[in-house]
């Protein structure tokens, strides 16, 4: 069977700026991205039905018979069993959410057929983890880490940890091949700790699970990390972090606090960057919504920073409670920054100017090389598309 992960247009907009550079299914929550979860559980590769400008990097593959899967839904064993039993004109649902549907090649791009007369709905009993808003990523990260930990470690044996470490709940710690951990304190009594292939936890780090350190990522010396937190591939994180998710290839290498936040790829937080995640009034946090074009209530008391891809901030930057930063933003200067900064902006509290696209691509190429990668034409074209898309309306 051919499996295609699709973006619901309203969900993709709700999740901006995190979905400017990727389909919803390529968001990381837990240890894996949503796509990686599906592919591991289905034991096959998937393709994507998404916005046109993303289709070159994330192309769709159609066959005579296809299963469309909602890219915002994380799989469960119950869902996998049900999907494999789906027949033509059947749709798998939970409440009002379409999870999957069986379609022909001609029907692939017409999701409206899912509500057509004659479609049989098959209900899923247990609610899956689903992301509809940026804050859902850190709110649901606890459950997602635990689920992924079981998926990745089932039937496998962890690499041994050095005796220089102090470990509580050792039965809930899994270390992949090539990982390096010395003189650290790991507490997995409240949730599992996963240490990915070739990852490193330096001396003096104190980590409380649930926690995921993905392949090639690094925790710096004397870092303090509270779960549930995920540090994506090739990221480098230090200082104090609480209930946050780094997608990958991003840095918070120095002291400073980050809490209840989501950091996309290729970001860099300067030394002593601090993020407020709680208002002095203890009120619920309001966050910029791209779909509503205004600030909306998250119904959360704790909410920090949502930062889009390729964005960076200078040393001693202060982010207010509930701040949204777009794609390719360069922030610096004293005082609390605005709590919504559109994409491709350069500046700080003293004023902003547009970030030149040519310069943005030059910087991105340099950053890629620091990870021994080359920024190809597809990535440049994608960044250009986002620039053109957001240039039309700076509220994006």
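The values are calculated or read from the model by the stated rules, or taken from the named source; none is laboratory data. Note that the structure is predicted; figures quoted are calculated from it, not measured. Here Cβ is always computed from backbone atoms with ideal geometry, including for glycine, and neighbour counts include all displayed protein chains.
For the stretch 257-275, a residue qualifies if it is surrounded by fewer than 22 Cβ atoms within 10 Å (Cβ to Cβ), in contact with a strand residue (DSSP E or B) (Cβ under 8 Å, 6 or more places away or on another chain) and part of a loop (DSSP other than H, G, I, E, B), and exactly one does: 270. Checking the structure you have, find out if any residue of the stretch 26-43 is farther than 20 Å from residue 150 by Cα and part of a loop (DSSP other than H, G, I, E, B). For the stretch 26-43, residues farther than 20 Å from residue 150 by Cα and part of a loop (DSSP other than H, G, I, E, B): absent.
Of all the residues that make up the stretch 326-372, how many are part of a loop (DSSP other than H, G, I, E, B), more than 17 Å from residue 313 (Cα to Cα) and touching a helix residue (DSSP H, G or I) at 6+ places or on another chain (Cβ under 9 Å)?
We begin by selecting, within the stretch 326-372, every residue part of a loop (DSSP other than H, G, I, E, B); these are 326-329, 332-335, 337-339, 342-344, 349-350, 355-356, 371-372.
From what is left, the residues that are more than 17 Å from residue 313 (Cα to Cα) are 371-372.
With the extra rule that they be touching a helix residue (DSSP H, G or I) at 6+ places or on another chain (Cβ under 9 Å), the set shrinks to none.
Qualifying residue count, the stretch 326-372: 0.
If you take the residues of the stretch 79-118 that are modelled with pLDDT of 80 or more and in a loop (DSSP other than H, G, I, E, B), which of them is surrounded by the fewest Cβ atoms within 10 Å (Cβ to Cβ)? Among those residues, the one meeting the criterion is 96. Annotation note: of 119, 145, the sole residue that is outside the structural domain of residue 246 (by TED's automatic domain parsing) and under 26 Å from residue 80 (Cβ atoms) is 119.
When the residues of the stretch 197-212 are filtered to those that are surrounded by 24 or more Cβ atoms within 10 Å (Cβ to Cβ) and within 11 Å of residue 168 (Cα to Cα), the one that is nearest to the chain's Cα centre (by Cα) is 209. A search for C-beta distances below 8 Å between a residue of the stretch 230-250 that is on the phi > 0 side of the Ramachandran plot and any residue that is surrounded by 23 or more Cβ atoms within 10 Å (Cβ to Cβ) and in a strand (DSSP E or B), counting only pairs 6+ apart in sequence or on different chains, returns 239/252; 239/258; 243/229; 248/28.
Would you mention how many residues in the stretch 318-336 are crowded, with 18+ Cβ neighbours inside 10 Å and modelled with pLDDT under 95? Final tally of qualifying residues: 0.
Every condition in (1) assigned to a loop (DSSP other than H, G, I, E, B); (2) under 18 Å from residue 94 (Cα atoms); (3) touching a strand residue (DSSP E or B) at 6+ places or on another chain (Cβ under 7 Å) is met by residue 134 except one, and the failing one is (2).
Filtering the stretch 276-292 to residues that are surrounded by fewer than 18 Cβ atoms within 10 Å (Cβ to Cβ), touching a strand residue (DSSP E or B) at 6+ places or on another chain (Cβ under 8 Å) and outside any strand (DSSP E or B) leaves only 284. Considering the stretch 251-265, the residues that are under 12 Å from the mean Cα position of the chain (by Cα) and in contact (Cβ under 8 Å) with a residue 60 or more places away in the chain include one that is nearest to residue 326 (Cα to Cα), namely 264.
Which one is surrounded by the most Cβ atoms within 10 Å (Cβ to Cβ), of the residues in the stretch 122-135 that are farther than 16 Å from residue 80 by Cα and touching a helix residue (DSSP H, G or I) at 6+ places or on another chain (Cβ under 9 Å)?
Start the filter on the stretch 122-135 by keeping residues that are farther than 16 Å from residue 80 by Cα, which leaves 131-135.
Still in the running and touching a helix residue (DSSP H, G or I) at 6+ places or on another chain (Cβ under 9 Å): 131-134.
On the way: 131: 23, 132: 14, 133: 17, 134: 29.
If we take residues in the stretch 122-135 being farther than 16 Å from residue 80 by Cα and touching a helix residue (DSSP H, G or I) at 6+ places or on another chain (Cβ under 9 Å), then 134 is surrounded by the most Cβ atoms within 10 Å (Cβ to Cβ).
Scanning the stretch 293-317 for residues that are on the phi > 0 side of the Ramachandran plot and buried (at least 24 other Cβ atoms within 10 Å of the Cβ) yields one hit, 310. Filtering the stretch 142-160 to residues that are crowded, with 19+ Cβ neighbours inside 10 Å and in contact with a strand residue (DSSP E or B) (Cβ under 6 Å, 6 or more places away or on another chain) leaves 145, 149.
In the set (1) crowded, with 18+ Cβ neighbours inside 10 Å; (2) on the phi > 0 side of the Ramachandran plot, the condition left unmet by residue 194 is number (2).
For (1) within 29 Å of residue 300 (Cβ to Cβ); (2) free of Cβ contacts under 8 Å to residues at least 24 places away in the same chain, each residue gets a yes or a no:
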| site | (1), (2) |
| --- | --- |
| 145 | yes, no |
| 177 | no, yes |
| 187 | yes, yes |
| 190 | yes, no |
| 200 | no, yes |
